[in-house]
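Here is the structure we will look at, set down as structure tokens.
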Amino acid sequence: MDSTKELSGKDDSANAKMQRSHSDEGDKLIGLKFPVLDHGFVMLVDYMGNDGAIVQAARVSYGEGTKTVNEDKGLIRYLMRHQHTTPFEMVEFKFLARMPMFVARQWIRHRTANVNEYSARYSIVPDEFYVPSKDIVKPQSSTNKQGRDMTSALPEEQVEKFLASVEEISKSAYEAYTSAINSGVARELARILLPVNYYTEWYWKIDLHNLFHFLALRLDPHAQYEIRQYAVAMADITKKVVPIAYEAFEDFVLDSASFSKKELDALRSMPRGEGFDEACKSAGISLFNSKGERRKTGEGEEFHSKIKEHLLRL
């Protein structure tokens, strides 16, 4: 028998048994725009794989197999629990997203995706800029140098003044931008007149393992509010395509907590009657500065926050 024909026949037989793994709920989302902020959105362009693809990769087998749904769920949860990440890389998502430029600059820090961004060298930037709502214009946090304090408020007149400045500067910048282009200035130069609250958009393709890492960081309450809204929209899409994997992600990553060796030592001391401060001291966790003042940031305060959030639920 011709070996080429024999091999071809085997391939045809295998291909006949294999179907593109998909999610009925995920298929319904393709092409739908999920609004984010005032002019942004997230859209699922396409995806490859589902919960079954994760299981298939883990078992290194073809077809749907003979395992039950409960066994498949148990395997996915085992993979997530023990950080066996490769099978999750078998699932991919391709999004189209529109976001303010300052959000894009944060987003691009996740260097584990394939990205193709709208180019202001070739095209005219649309006249769309982000203006935050009044309720999220907040003061600088005293404990987080990177962010705002969402629990505090600014005087109303200060908020109004800031928002008026955003509107005025954005409109003035766009007028200067279009005027420069109309006068013959190259688009690649004219674009430098635009502030970072103007919108850009890109295609963003990423595997599920790295998407989970992105979501773990950007769904965190300490992440900037604006990028967190995009993460929420992407999480809603993801859980429709891979509901079992997403549930495991919530259980073992999003809603879990890890403790260092010193933190575990302190936790073991508490049932023996030691208070929090005493337990931290015996475990070598610093709570006070050189002046004897309680630290507002640092390992000890983060440990205290974890205990309140995950153990005491205060």
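The values are calculated or read from the model by the stated rules, or taken from the named source; none is laboratory data. Computed from a prediction, not measured in an experiment: that's the story for all the values here. Quick reminder, even Gly has a Cβ in these numbers, built from the backbone with ideal geometry, and neighbours come from all protein chains shown.
Tabulated results
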item: First in region 229-240 and under 16 Å from Pro100 (Cβ atoms), second anywhere and surrounded by 20 or more Cβ atoms within 10 Å (Cβ to Cβ) and not hydrophobic (A, V, I, L, M, F, W, C), Cβ under 7 Å, 6 or more apart; result: Ala231/Arg218
item: Filtered residues of region 238-253 (kept if part of a helix (DSSP H, G or I), more than 12 Å from the chain's Cα centre (by Cα) and β-branched (Val, Ile, Thr)); result: Val241, Ile244, Val253
item: Residue list for region 31-44, filter: loosely packed, with under 14 Cβ neighbours inside 10 Å and closer than 17 Å to Ala235 by Cβ; result: Leu32, Pro35
item: Every residue from region 18-48 that is at pLDDT below 95 and not in a helix (DSSP H, G or I); result: Met18, Gln19, Arg20, Ser21, His22, Ser23
item: Filter result for Ser282 (more than 20 Å from Ser142 (Cβ to Cβ), of a type in the set (Ser, Thr, Tyr) and in a helix (DSSP H, G or I)); result: yes
item: Search result, residues across region 271-290 that are at pLDDT below 85 and either among the basic types (Lys, Arg) or surrounded by 11 or more Cβ atoms within 10 Å (Cβ to Cβ) (or both); result: Arg272, Glu274
item: Scan of region 149-167 for residues that are under 20 Å from Gln229 (Cβ atoms) and either in contact with a strand residue (DSSP E or B) (Cβ under 6 Å, 6 or more places away or on another chain) or hydrophobic (A, V, I, L, M, F, W, C) (or both), ordered by number; result: Met150, Val159, Phe162, Leu163, Val166
item: Residue check for Glu128: of a type in the set (Asp, Glu) and assigned by TED's automatic domain parsing to the domain that holds Ala245; result: no
item: Selection status of Val253, surrounded by 14 or more Cβ atoms within 10 Å (Cβ to Cβ), in contact with a strand residue (DSSP E or B) (Cβ under 7 Å, 6 or more places away or on another chain) and closer than 25 Å to Glu89 by Cβ; result: no
item: Of residues in region 141-161 being outside any helix (DSSP H, G or I), more than 23 Å from the chain's Cα centre (by Cα) and surrounded by fewer than 16 Cβ atoms within 10 Å (Cβ to Cβ), the one modelled with the lowest pLDDT; result: Ser142
item: One residue from Ala176, Ala164, Ala231, Ala216 being surrounded by fewer than 17 Cβ atoms within 10 Å (Cβ to Cβ), within 26 Å of the chain's Cα centre (by Cα) and at pLDDT 95 or above; result: Ala216
